[in-house]
Every structure is written in structure tokens, then in C-alpha cells.
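Working notes, structure below.
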Amino acid sequence: MIPAIVLAAGRSSRMGRPKAMLPLDARDTFLTRIVRTFSDASVEDVVVVVGHDAGAVIESFANVDLVARFVENGDYDQGQLSSLLAGLRVVDRPGVVAVLVTLVDVPLVSAATVRAVLDRYHETRAPIVRPVRGEEHGHPVLIDRSLFDVLRRADPSQARSL
């Protein structure tokens, strides 16, 4: 089992409203597109980590035909690692071999890309797998279970962005 965590807890101060709720097209917001993509790639468990304006983000998802679980990160101002750890606490259980992680402001990833990351992981069992194009890297990032405790021991104040 490889669940997905969507990091959507930040303040979105430059946008003026939560990025998760930004419209992408007539059908989707950033968040619904990401959850739809994971669903299309046969990822069965998607957890969305919310923080700032959590209620509004959750409410904006209430009337869609998609399935996701939400967890609130009360420490979202501590940065992305605190949100990743909040999501990890929800998804980590027996049978989970790795986790996919993406940011809510990367909504245009295709299901084919998600499947390619999963396929590469199954082929190599590499501890971290991420899509690359030339020198560019992207999302989602797959993190093997062997690194979960390393993440839990990390200092959120010293962590860099994903």
C-alpha cells in the first residue's frame, strides 16, 4: 500500500486565499485536480494536510465526487515538514511500504507521472523516487518507509522545502 499526502496547510499569503481552493478550470480546484489525479493513478488513500483556513478548504471539498481524508496541522507555521509529519501520522500503518507526497500548488501532474513514479519504485525500491526531466525535478515525491523514522527525528526548523 502506498498512500498519498497532499500538503495544503500554508497561509497562501501571496495568493490572498488558500491555494487548495484556487480554480484550475470549470471542473476543478487545485486540490480536486490533485486528488482526482491520484485516484486516476489508482492511489487508494489520499490524505490532505490542512492548516490555515482549514475549515474553508475542507468545506470546498465537501460536494465533490472524490474521496480524501483530511488532517489538521495546528503547527503549520513550522513549515512543510510539520505538515508532512502530520500526514505521516495518519497514513503510517502496517502494510504501508512508502508514501507519495506533493504540494497543493502543483496541480498539473498527470496520472501517468504518478504511475511512473510508482513503477520506478517497484522496480528499484529506491528510498526516494521523484520525476525528473533533464535537470528539473518534480512531484510527487515517493518516500520509502525506511525513511519515516528519519523524517520523524528531523528538526522542522532546519528543514528545507520539498
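Largest mean-square fluctuation among 59, 44, 135, in a Gaussian network model of the chain whose springs join Cα atoms under 10 Å apart, belongs to 135. Does segment 78-154 come out rounded, prolate or oblate by the C-alpha gyration tensor, with a ≥ b ≥ c the root eigenvalues, rounded set by a/c under 1.5 and, if not, prolate when a/b is larger than b/c and oblate if not? Here segment 78-154 falls in the oblate category. Rounded to the nearest 10 square angstrom, residue 76 shows an accessible area of 50 square angstrom against a 1.4 Å probe.
Taking amide H positions as modeled 1.01 Å from N, with prolines and chain starts lacking one, the residues under 5 Å from residue 45 and 5 or more places away or on another chain are 4. Database remark: amide H of residue 68 closer than 5 angstrom to no amide H (H placed geometrically; neighbours at sequence offset of 5 or more, or on other chains; Pro and chain starts carry no H). Using a cutoff of 8 angstrom between alpha carbon atoms and counting only pairs six or more residues apart, the relative contact order for the chain works out to 27 percent. Between 92, 144, 119, the residue with the greatest mean-square fluctuation in the GNM of the chain (Cα pairs under 10 Å linked by springs) is 119. For the pair residue 144 and residue 26, what calculated FRET efficiency results from E = 1/(1 + (r/R0)^6), where r is the Cβ-Cβ distance and R0 = 22 Å, to the nearest 0.05? The computed FRET efficiency comes out at 0.05.
A simple rule links phi to the HN-Hα coupling: the Karplus curve 6.51 cos²θ - 1.76 cosθ + 1.60 with θ = phi - 60°, which for segment 132-139 gives 9, 9, x, 8, 8, 10, x, 10 Hz, with x for Gly and Pro.
For the chain, a Gaussian network of Cα nodes joined below 10 Å ranks 117, 104, 132 by mean-square fluctuation, and the top entry is 132. Over all alpha-carbon pairs in the chain, figure out the percentage whose distance exceeds 27 Å. Looking at the chain, the distances longer than 27 Å represent 18 percent of pairs.
In sequence order, segment 61-74 has phi-based couplings of 9, 5, 10, 10, 8, 10, 10, 8, 9, 10, 10, 9, 9, x Hz under the Karplus curve 6.51 cos²θ - 1.76 cosθ + 1.60, θ = phi - 60°, and Gly or Pro positions carry x. Annotation: extensible slack from residue 69 through residue 119 equals 15.6 nm (criterion: 0.36 nm per residue apart, minus Cα-Cα distance). Using a probe radius of 1.4 angstrom, the carbon and sulfur fraction of the accessible surface of segment 1-132 is 50%.
The values are calculated or read from the model by the stated rules, or taken from the named source; none is laboratory data. All figures in this text were calculated on a predicted structure; none of them were measured in a lab. Positions of Cβ are generated from backbone atoms using ideal geometry, with glycine treated the same way; all protein chains shown enter the neighbour counts. Calculation scope for accessible area: heavy atoms of the full protein, side chains included, ligands and nucleic acids excluded. Shrake-Rupley method; radii C 1.70, N 1.55, O 1.52, S 1.80 Å.
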